[in-house]
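Throughout, read-outs are computed from the coordinates displayed, never taken from laboratory work. Note that the coordinates shown come from a computational prediction; the quantities given were computed from them, not determined experimentally. Ideal geometry is used to build each Cβ from the backbone, glycine not excepted, and the neighbour counts take in all protein chains shown.
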Amino acid sequence: MNPVVNYIENCDSYLQEIMFTLHDVFVNDFGLTPKIKFRIPFYYGKTWVVYLHPLKKGGIELCYTRATLFEDPTGLLEFKGRKQIAGITITKLSEMPMEAIFAITKVALELDASRD
């Protein structure tokens, strides 16, 4: 079994719904490679592009690496004092901004594709 799928299956059930939805988007729609790094799920193109960070207070933060190097087409990404990583906090599957996630991921992948 894939280590990322195993990780998600060991999370609380409400987190599993959110994480499996995002996992499917990143793997099936964008062709990213899932890996566990720093004990959480990361998704790679040429390099790491995005990761899922479960929050202690509930929900997950969907984090994009190198977010300072691309323009967020939605204005939803928050840096929270970080220098390169920005994210969106998701607490309910029903409130997940899927159109925004697709738009941001597309821009992040364009940056990733341009890396040597």
In nm, the gap between the two label points placed 7 Å beyond Cα toward Cβ at F30 and K106 is 1.3
Just grab the label-to-label distance for I40 and L76, each label 7 Å out from Cα along the Cβ direction, in nm (one decimal). 1.7
For D24, D72, what ranking results if the residue with the fewest other Cβ atoms within 10 Å of its Cβ goes first? D24, D72
For n ≥ 4 DSSP H runs only, could you compute -39500 (n - 2.57) per run for the chain, divide by its residues and tell me the 222 nm figure to the nearest 500? -9500 deg cm²/dmol
In percent, how large is the relative contact order of the range 17-75, given Cα pairs closer than 8 Å and 6 or more residues apart? 18
May I ask for log10 I(q)/I(0) of the range 3-113 at q = 0.16, 0.18, 0.21 Å⁻¹, from a Debye sum over the Cα atoms as equal point scatterers with solvent left out? -0.66, -0.85, -1.21
The chain, relative contact order in percent, only Cα pairs under 8 angstrom and at least six apart counted: 20
Checking I36, I18, I101 against a Gaussian network model of the chain (alpha-carbon springs below 10 Å), the top fluctuating residue turns out to be I36
What's the tally of Lys pairs in the chain whose alpha-carbon atoms lie under 25 angstrom apart, where the two lysines are 8 or more places apart or on different chains? 26
Any idea how far apart R115 and E95 come out in nm if each label point goes 7 Å out from Cα toward Cβ? 3.2
